[in-house]
Structures are given as structure tokens and as C-alpha cells.
Amino acid sequence: MSDPEQPQTGDLVRAGDRTLAVSGGGLAARALALATDLLVRPVVPPQPGEVRCFRGHRDCVMSVALSPDGRFALSASWDQTWRIWEVDTGREVLRNEGHGHRVSSAVFSHDGLTVLSAGWDGTVRAWERETGAETARFGAPGDGIVHCAALSPDGRTVAWGGGDPYVVLCDLATGEEFRRCEVPVGPVRALRFSPDGRLLLSGSGQVALTAGGRDNGTVCLWDPYSGDRLWGIADATEPVLSVAFSPDGATAFASTGWPSRGRLNITRLWEVESGRLLHRYEAHRHPVFSGSILPAGHNLLLAGRDRLLRIWDPQTEEEVHRLEGHTDAVYAAAVSPDGRFALSGGSDQTIRLWRLPDTPRAARTR
Amino acid sequence: MTEEPDLPPPTPEERELSRKLGELSTLEDALASRELALASLEVELHIFEVHYLATVGKRYAELDALEAEIAEFEAARRPEDAELLERAEEARVRAQESEDALRARSAATEKRAGAVPESLRKLFRQVARAIHPDLAEGSEAVAKRQELMAAANRAYVTGDEQQLAAILKDWEESPEAIVGHGAAVDLLRAIRQIARVEERIAALDLQLAELQGGDLAQLRARVEKAEADGRDLLAEMAAALEPRIEQARVLLEALFREEEASA
């Protein structure tokens with residue numbers, strides 16, 4: 001494939017060799033375009049496993065979240081900061097020390113523009129994701145630990161709870177508290193709005209502090225706007241640290257566990273509509289600190305003291321997959337909306353991004 | 001102290017000639033280095049190409065073939081649609097080109113694998129230095145040297161050290177080899193040669209730049225960069241193509257089934 005337009009003496013020597021660098025059919029050009037595309041796009045490893053590790057926190061990571069567009073990771077840590085990381089690069093893009101105390105939870109608003117965090121300073125605060133500027137504050141410093149906070153999908157309602165046995169509901173725009181939902185036992189440790197924003201799931205409970213005392217826990221489903229408790233259980237034998245809705249809102253999840261106890265973990269699933277208990281397991285030998293129902297299927301992602309992220313099939317009661325990498329207890333895990341990635345954080349002070357295995361249904365529809 | 005022979009002082013022309021010959025020698029070294037660099041890059045790209053065609057190119061060829069078949073299927077279903085027909089023809093041409101590229105390379109694959117040994121590089125440089133066509137005078141001599149240089153290039157690319165040594169030996173024993181630039185070379189000739197060698201170096205530099213800026217070299221650069229980051233880009237590319245191939249396969253199957261059902 002010589003260049004017929006330039007028959008210079010100097011080029012004749014190589015005329016026979018030039019095919020070497022020129023592939024037919026524009027194949028190299030197409031391959032180059034694909035290579036470039038892959039290099040600028042975030043890596044999507046075909047195999048499940050750890051994709052990236054975000055290091056920087058100097059104490060336990062207690063809460064993690066992915067921004068709706070998947071570009072940012074949010075973490076809350078006992079090192080008194082919440083941070084935002086660029087998912088593609090692992091770079092820390094924002095660090096906020098506003099609480100001045102351990103940060104127990106941080107979530108994104110549905111438009112990804114606001115961060116809502118809760119801390120041991122007794123406050124829940126809203127921040128601009130871009131700048132880290134505080135835009136709203138609930139509670140008062142010194143009111144005791146706030147364990148959790150949730151933001152309704154429409155971004156209007158803030159639900160939060162801590163040492164007191166009730167869930168506080170506030171209007172984000174006006175700052176007005178409009179309702180309190182009393183739980184059987186405090187502290188309130190986990191809160192989630194349903195995907196349609198109409199329901200609120202709470203988990204609470206504590207371990208016995210005195211000899212002869214009894215550990216307990218509760219799970220409640222609320223209509224946060226009327227304050228009605230739709231159903232609930234008050235007989236969990238251990239504090240409920242994690243609650244979740246399935247992405248379609250039809251199923252509710254809760255699990256019990258306590259970091260310093262080695263008891264059997266109890267994982268439950270309910271039908272949201274009826275409150276009917278669908279499944280109850282005591283199969284995990286270690287406490288589960290965070291759980292999610294994966295999209296496009298019924299599998300659960302469970303994170304716990306055993307340093308693992310397990311994907312659990314409640315139908316067969318079998319572990320489908322496990323993700324290993326954390327070197328200590330995993331306190332928090334979140335799943336991307338498409339179910340392909342998970343983010344986790346824990347005692348080893350790292351945040352890790354994982355490629356999840358394709359669920360059978362996701363694989364079928366592809 | 002040895003006694004200086006009593007020679008007449010060199011004339012200005014003789015001094016200039018010796019200066020020019022020194023310059024020419026330096027340039028000839030540079031030229032041989034360029035030849036080596038170019039041939040080496042070609043070899044490296046060739047090795048890379050074999051590798052990339054085996055992983056990524058193969059899948060492109062498969063995908064192109066499937067897509068051509070799908071396009072032809074669709075064109076056949078609606079023969080009145082000229083655009084579909086055109087698309088089918090384009091797809092077929094592309095599939096054929098990919099297939100050809102793959103086949104051409106697989107034929108060359110056996111000839112070469114692995115890095116170029118230093119001895120081969122040295123030998124090639126020697127050959128390039130000795131027989132370079134730009135150093136010859138007269139069209140016949142130039143043609144002869146060009147032919148030899150092309151053979152040397154081929155031997156280098158295929159890693160044939162014996163062949164390269166034979167070329168050098170034959171050359172050194174041939175009468176042309178003696179017609180170097182010796183006492184007979186006059187100043188004018190030296191100046192002409194310098195100009196030619198400089199031109200040739202510039203041409204080689206251009207070729208090098210072209211090759212380095214080419215799709216294949218750029219692809220290789222990206223693969224190497226990714227490798228430094230612990231990524232196997234070629235494998236990722238292959239993986240990215242897999243679902244597209246699978247999709248095309250499923251689509252084609254569906255088209256076949258439809259055809260069967262309607263038949």
C-alpha cells in the first residue's frame with residue numbers, strides 16, 4: 001500500500017514495506033476510536049469485584065452514597081468530615097468539617113445538588129454539593145447524637161432521628177418541624193423514604209446497658225405526612241441498624257446486628273402493602289450493618305462485620321456472590337440505580353467501589 | 001618525537017574537502033540511525049498489529065460480517081429501498097476489508113514474534129550505513145542499492161539475521177563497494193552527497209512522524225499507557241465488542257426465524 005502520489009526516489013526504498021503500518025478497512029482507525037472511548041470512559045470491568053478504593057478518611061466510614069448520575073461518591077465518617085469523591089478517578093473533590101463532630105450519615109438529594117448530613121453534634125444539615133456551603137440546619141448542637149437522616153425524593157421533607165424515641169419530620173425549605181413519629185424504643189438508627197416518597201421506614205433499638213436488661217429493636221412503616229404507623233414490629237431482639245426499600249417500592253428490608261456482639265443476624269423482608277413477613281433469616285453468623293435490595297431481582301446486598309459484601313438470594317437462602325477487599329467491618333453500602341455498582345465503607349477507613357455481578361434478569365434482558 | 005614528513009601545506013580546497021567529508025560521515029551515521037529507527041518502529045508496530053488483530057481485529061471482522069449479513073437481509077426484504085441496498089453494499093465492503101486485513105496479517109504472523117535482538121539492530125545499521133542508495137552516483141548504482149536496501153528492510157522486519165549478514169557480505173565483496181568516496185571524490189561531489197543525505201534524513205523523519213501519528217501507532221500508545229495503569233486495554237476492547245457481536249448474532253437469528261416462518 002504505497003503512496004502513488006509521491007514517487008520520489010527516497011520513498012522507493014520503502015515502497016514495498018509500507019503495508020506494515022496500514023491496516024485495511026479502516027480497522028485501526030475504528031479500533032483507535034474504541035480505545036480512546038474506553039480510556040476516557042470510566043472503567044466497567046466485566047468481572048465482578050473491586051473497581052476502586054478511595055482513601056483519605058482517618059476514622060470509620062459510617063455512611064456512603066452514590067450521586068444519582070453516578071459521578072460522585074459521598075461518605076460520612078467519624079473523622080468529623082463528610083467528603084465527596086469523583087467516582088471515575090477516586091479523587092477527593094470536597095471535604096466538609098462543618099459538624100465539628102463525628103458524622104453518622106450523609107445522603108444526596110434526588111437531583112444530586114444537595115447533601116444532607118447528620119452528626120454527633122446533634123444537628124442535621126443541608127449543604128450545596130458543589131461548594132459545601134450550608135443551606136439549612138435542624139436540631140441544635142448538644143441535643144445528642146443524630147444517627148440518621150433521610151430526604152424525600154421530591155427534596156422537600158427531611159426525616160431524622162437519634163437518641164430520642166421518635167422520628168422528626170421537617171420541611172427543608174421553611175425549616176419547620178411538622179411532625180414527630182414515636183417509635184417503641186429509641187434510638188432511631190435507620191431511615192428510608194420509599195421510592196415514591198409516600199412512606200417512611202424506620203429502624204431503631206438498643207443493646208441492654210445494664211445487667212439483666214434486654215436488647216431490643218423495632219421496624220416501623222410510616223405515613224410521614226399523617227403520622228400514622230402502618231405496620232411495624234417491636235420484637236426484634238437486637239437493634240435494627242439498616243432498613244431499605246426495593247427499587248420498585250414493593251418490598252421492605254431490615255436487618256439487626258450490633259458491632260460488639262457476635263449473635264446471629266436476623267434479616268427480614270416484608271411486603272410493603274400488607275406488612276406481611278415474606279422472609280426471615282438467621283443464617284448470617286455475623287452482624288449485618290447495611291443492606292439493600294438490588295434492582296432487577298430480589299437479591300440482597302449485605303455488608304457486615306465479616307468484612308464482606310455478600311449478595312444473598314432470599315428465595316434459595318444462598319449466597320450468590322461475595323466481594324472481598326475490606327480489611328475490617330463494613331458499616332455502609334449503597335447500590336447504583338442500575339444495579340451494576342456498589343459503594344461500601346467501614347472500619348478500615350476506606351470507601352470501595354465494586355462491580356456487582358449481573359443479576360440473572362438483567363442478563364436476560366440484555 | 002617522530003619526524004614530520006615534509007609535505008606541502010594543504011590547499012584551501014583540500015582543507016574544505018576534508019571538512020566536508022567529516023560532515024558527510026557524521027550525516028551518514030545519522031542517516032543509518034534513522035533507517036534503523038524507522039525499520040524498528042515498523043517491526044514494533046507489526047508485532048503490536050499481530051497482537052491487536054488477534055484480539056480486537058478478529059472481533060471487528062466477526063461483527064462486520066454479521067452486520068453485513070443483517071444489512072443484506074434487510075435490503076433483500078425491501079428491494080425497493082435503494083438506501084438499504086447501499087448500506088448493505090457498504091457493510092459488505094467493510095466486512096471484506098476487515099477480513100482481508102486479518103488474513104494478510106495472519107500470513108505474516110509466523111515470520112516474527114518477540115523483540116528485536118541487539119545483534120540484529122547492529123547488523124542492520126551496518127548494512128544501512130554501507131549500502132545506502134543515497135550515497136551512490138549514477139542511476140544504475142542507485143537502483144542496485146535501493147534493491148539491496150529493500151531486501152535489508154525485509155530481512156530486518158522478518159528478523160532474518162542470516163539474510164541480513166549475507167546482504168552485507170555480498171555487498172562488501174562487490175565492486176561497487178570499492179567505489180566509495182576516496183581520493184577521487186572531489187569537493188563538489190561531497191557537497192552534492194551532503195545535500196542528498198540531508199534531504200533523505202528529512203524524508204525519513206517525515207515518515208517516522210507519519211508512522212507515529214498513524215492510527216496503529218496511536219492505538220499502541222494508548223494500550224501502553226493503559227498498561228502502565230494496570231489496564232489491559234485490548235482485552236477491554238474485546239470485551240466491549242462482545243455484546244455487540246452477541247446482539248448482532250441474536251438479531252440475525254431472529255431475522256432467519258422470521259424468514260423461515262414467513263416461508
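Details
- Boolean, B:Glu227 is within 14 Å of another protein chain (Cβ to nearest Cβ) and modelled with pLDDT of 85 or more: yes
- Residue match in the stretch B:239-254 (condition: at pLDDT below 85, farther than 21 Å from B:Ala61 by Cβ and assigned to a helix (DSSP H, G or I)): yes
- Single residue of A:Ser75, A:Ser117, A:Ser63, A:Ser105 found to be more than 24 Å from A:Gly217 (Cα to Cα) and crowded, with 23+ Cβ neighbours inside 10 Å: A:Ser75
- Taken together, the residues in the stretch B:208-222 that are more than 7 Å from every other protein chain (Cβ to nearest Cβ) and surrounded by 12 or more Cβ atoms within 10 Å (Cβ to Cβ) amount to 6.
- Strands (runs of 3 or more DSSP E) wholly inside the stretch A:212-257 that include at least 3 residues being surrounded by 24 or more Cβ atoms within 10 Å (Cβ to Cβ) and at pLDDT 85 or above: A:216-223, A:240-245, A:251-256
- Residue count for the stretch B:215-255 satisfying the condition of being out of contact with any Lys or Arg (no Cβ under 8 Å at 6 or more places or on another chain) and free of Cβ contacts under 8 Å to residues at least 24 places away in the same chain: 21.
- The strands (runs of 3 or more DSSP E) falling completely within the stretch A:111-206 that include 3 or more residues that are among the charged types (D, E, K, R) map to A:177-182.
- Entirely in the stretch B:116-173, the helices (runs of 4 or more DSSP H) that have 1 or more residues that are of a type outside the set (D, E, K, R), within 13 Å of chain A (Cβ to nearest Cβ) and surrounded by 15 or more Cβ atoms within 10 Å (Cβ to Cβ): B:118-131, B:139-157
- Per the conditions (1) buried (at least 19 other Cβ atoms within 10 Å of the Cβ); (2) modelled with pLDDT of 95 or more, the sole criterion not satisfied by A:Arg95 is (1).
- Just so you know, in the stretch B:11-32 the residues that are touching a Leu at 6+ places or on another chain (Cβ under 8 Å) and more than 12 Å from chain A (Cβ to nearest Cβ) include one that is nearest to B:Glu97 (Cα to Cα), and it is B:Glu28.
- Considering residues of the stretch B:174-191 that are assigned to a helix (DSSP H, G or I) and β-branched (Val, Ile, Thr) only, the residue modelled with the highest pLDDT: B:Ile191
- Matching residues, the stretch B:186-198, being in contact (Cβ under 8 Å) with a residue 60 or more places away in the chain and either within 11 Å of chain A (Cβ to nearest Cβ) or of a type in the set (D, E, K, R) (or both): B:Asp186, B:Arg196, B:Val197, B:Glu198
- Only listed residue being modelled with pLDDT of 90 or more, crowded, with 20+ Cβ neighbours inside 10 Å and either within 11 Å of chain A (Cβ to nearest Cβ) or under 24 Å from B:Val223 (Cα atoms) (or both), chosen from B:Glu35, B:Glu42, B:Glu62, B:Glu49: B:Glu62
- All positions within the stretch A:186-211 that are surrounded by 19 or more Cβ atoms within 10 Å (Cβ to Cβ) and of a type in the set (A, V, I, L, M): A:Val188, A:Ala190, A:Leu191, A:Leu199, A:Leu200, A:Leu201
- Scan of the stretch A:189-213 for residues that are under 13 Å from A:Pro224 (Cβ atoms), touching a Gly at 6+ places or on another chain (Cβ under 9 Å) and hydrophobic (A, V, I, L, M, F, W, C), ordered by number: A:Leu191, A:Leu199
The values are calculated or read from the model by the stated rules, or taken from the named source; none is laboratory data. These figures come from a predicted structure and were not determined experimentally. Heads up, the Cβs are rebuilt from the backbone with ideal geometry, glycines too, and the neighbour counts pull from every protein chain shown.
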